[in-house]
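Take a look at the structure set out below.
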Amino acid sequence: MKQVRVASQHFWSDGRTFATSISWWRRPIVGYIAACLGAAVGIGMTRLGDMLFMHFTFSVSSFLIVILLVSLLWGVGPGLLAMLLSCVAFSYLVVFGVHPEPSVSHLSWILLIRLIPFVMASLAITAIACRHEISRRLLQKRADELSERADELSIMNQELERANHLKDYFMIRAAHELRTPLTPILGETQLALRRLHKADG
């Protein structure tokens, strides 16, 4: 029964045990929602920057920040979704921006040239986040193993203490039980020795 419970916990927790459960806001489903909201925020920030400052230079930075935050906080899956949505949003802004270029069509080379560095930077950020997540999972696995080992050592220590108490109890009882019959024997022996000394004297 215990093995079935552990297996079900392993299955439903994606390889993690419930002892090391994560907070509700760090779950992947929240990350996917954050990726969608982050892409929308990136579009809004870029549009606002284009309206406030003509030809907003750092329009890509808002999307890259969203990808970085989503990837680091929620892992690779939500990070890839944020990258995909950001690429679509970036393409939309290049084609239908506040100040669109008349020569830019939906599938033009200019769009591709602008999109390639953005995709490369997004992939680099996602790869860094993937490496970070793998390291975190390895550290978590190692911490779980050390915790299990510490629990085993604690149980062994309790068993050793129990065995030590039993040994002390046995020695005290054995000494008491041996002392009880030996006391009259020692008394009779001392009495016999005194009589022998008197008889010799």
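The values are calculated or read from the model by the stated rules, or taken from the named source; none is laboratory data. Please read these numbers as outputs of a predicted model, since none were measured by experiment. Quick reminder, even Gly has a Cβ in these numbers, built from the backbone with ideal geometry, and neighbours come from all protein chains shown. Accessible surface areas use protein heavy atoms only, side chains included; no ligands, DNA or RNA. Shrake-Rupley method; radii C 1.70, N 1.55, O 1.52, S 1.80 Å.
Which residues, counting only those in segment 156-180, are of a type in the set (A, V, I, L, M) and open to solvent by 90 Å² or more (accessible area, probe 1.4 Å)? Correct list: MET156, LEU160, LEU166, MET171, ILE172, LEU178. Might you check whether a residue that is open to solvent by 90 Å² or more (accessible area, probe 1.4 Å), over 17 Å from TRP74 (Cα atoms) and modelled with pLDDT of 85 or more occurs anywhere in segment 126-145? Looking through segment 126-145, at least one residue is open to solvent by 90 Å² or more (accessible area, probe 1.4 Å), over 17 Å from TRP74 (Cα atoms) and modelled with pLDDT of 85 or more.
Residues are listed down the side, and each one gets a yes or a no for (1) surrounded by fewer than 18 Cβ atoms within 10 Å (Cβ to Cβ); (2) at pLDDT 85 or above:
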| residue | (1), (2) |
| --- | --- |
| TRP24 | yes, no |
| PRO28 | yes, no |
| LEU37 | yes, yes |
| VAL70 | no, yes |
| LEU85 | no, yes |
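Screening segment 87-101 for residues that are in a helix (DSSP H, G or I) and open to solvent by 40 Å² or more (accessible area, probe 1.4 Å) and picking the one that is modelled with the lowest pLDDT gives PHE96.
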